[in-house]
Amino acid sequence: MAIITKKIKLSTKGDTDIINITDEVLSIVSKSDLKQGSVNVFVPGATAGITTVEYEPGLVQDLKVYFEKIAPKSGTYQHNTKWGDENGYAHVRASFLGPGITVPFVNKKLQLGVWQQIIFIDFDNRPREREIIVQIIGE
């Protein structure tokens, strides 16, 4: 059993910027000496999240529309009252999505569905430099 930790660095636009990171995660798994196990993909921070979707323009737009319905930018947030940074909606959206996922791999191949892709979403109200932690556990 071995553990390998790497990072993916991203420059984001914020404002529900949705980025497909599947190829970067697959590259890290492929370059490792591990044949099977699990890869955990995690974003430190409270205004971003990671999930899987069928990454296509229509669904990307749908996600943006429905996150706006769930936690609208124009809503009233106690976070904004306390801190004045006007990103309370980003914290709520990130809390609903969650900061990471775990994907199994076999023979260095991610066990994703045919159309399933790993995405990172930056909900914050400004561009950011982000680091995503990719930790592989396997043999």
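Each Lys and Arg Cβ is given +1 and each Asp and Glu Cβ -1; about its Cα centre, the chain then shows a dipole of about 220 debye. For segment 18-56 versus segment 85-139, the inter-centroid distance based on Cα atoms is 6 Å. Listed cross-link partners Lys6/Lys64; Lys6/Lys31; Lys13/Lys73; Lys6/Lys108; Lys31/Lys108 are compared with a 18 Å cut-off, the Cα-Cα value being larger for Lys6/Lys64. Of the two radii for segment 33-111, the radius of gyration is 1.11 times the Kirkwood radius, both from the alpha carbons; that is the Rg over Rh value. Each of Ser11, Ile119, Met1 was placed along the dipole of the chain (beta-carbon charges, centred on the mean Cα), and the one lying farthest toward the positive end is Met1. Each Lys or Arg adds one and each Asp or Glu subtracts one; over the other residues with Cβ under 14 Å from the Cβ of Arg126, this totals -3. Helix 22-31: angle to the longest alpha-carbon principal axis of the chain, degrees 0 to 90, nearest 10? Between helix and principal axis, roughly 30 degrees. Kirkwood radius, the chain, all distinct C-alpha pairs, inverse of mean reciprocal distance: 15.7 Å.
Taking all protein chains into account, the per residue accessible area for segment 61-104 stands at 63 Å² (1.4 Å probe). Helix 57-70 and the longest principal axis of the C-alpha atoms of the chain enclose an angle of approximately 50°.
Given the convex hull over the Cα atoms of segment 77-128, what projected area results after averaging over all orientations, in nm²?
Values: hull surface 20.3 nm².
So the Cα hull casts an average projection of 5.1 nm².
Here the Gaussian network model covers the chain, with springs between Cα atoms less than 10 Å apart; of Leu59, Leu97, Leu34, Leu59 fluctuates the most.
The values are calculated or read from the model by the stated rules, or taken from the named source; none is laboratory data. Note that the structure is a prediction, hence the values are computed from the model and not measured. Ideal geometry is used to build each Cβ from the backbone, glycine not excepted, and the neighbour counts take in all protein chains shown. Ligands, DNA and RNA are stripped out before the accessible areas are found, and what is left, the full protein with its side chains, is counted by its heavy atoms. Shrake-Rupley method; radii C 1.70, N 1.55, O 1.52, S 1.80 Å.
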